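Beneath this line is the structure, given in structure tokens, with notes to follow.
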Amino acid sequence: MLRRVKAKWLLIILAPTLLLIAGSILALVFLPHPVPNTATAGQRAYLTHCAGCHGANGRGSWRSTIFFIRPGDLTDRAAMDRLSDEYLFGLIKHGGATIGLPGMPAFGYHLKDPEIRELVAHVRMLSAPK
């Protein structure tokens, strides 16, 4: 009888704890990156659509590591200088599947052209010298 009572109390304590842990992990993985109220339009678009994979600072995100995604380092000045604004615009708008980068989704349905241009300007700022 004592063993049955202990098992019930263990279940009462352990089940909610496991649910809270699982919910916290799911929230960390699937909730979008927080966007500050003072963010510019380019920062807002970046944090909303890009930070999940590229990270808030442009060096990559732990979320992308979990899913074995290797996004480009947007802070690498030499690599970013080789890419034109039109190339980045097309990559963001149409995605990377057409040019051999299948992990990069297309955002042309979510963002208008002026928003993509602001996003490109923000991505350029990530690799700018500090």
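The values are calculated or read from the model by the stated rules, or taken from the named source; none is laboratory data. What you see is a predicted model; the values in this text were computed from it and never measured. Here the Cβ positions follow ideal geometry from the backbone for every residue, glycine too, while neighbour counts run over all protein chains shown.
Selection over the range 88-111 of residues that are in a loop (DSSP other than H, G, I, E, B), at negative phi, of a type outside the set (Ser, Thr, Tyr) and free of Cβ contacts under 8 Å to residues at least 12 places away in the same chain gives a count of 4. Note on the range 44-54: residues that are under 16 Å from Met80 (Cα atoms) and small (Gly, Ala, Ser) amount to 0. Here the helices (runs of 4 or more DSSP H) wholly within the range 17-87 that include at least 3 residues being at pLDDT 85 or above and either assigned by TED's automatic domain parsing to the domain that holds Pro114 or within 21 Å of His110 (Cα to Cα) (or both) are 41-49, 51-54, 77-81. Taken as a whole, the structure places Thr98 among residues that are among the β-branched types (Val, Ile, Thr) and more than 16 Å from His122 (Cβ to Cβ).
Of the candidates Leu101, Leu74, the single residue that is aliphatic (A, V, I, L, M), under 18 Å from the mean Cα position of the chain (by Cα) and surrounded by fewer than 15 Cβ atoms within 10 Å (Cβ to Cβ) is Leu101.
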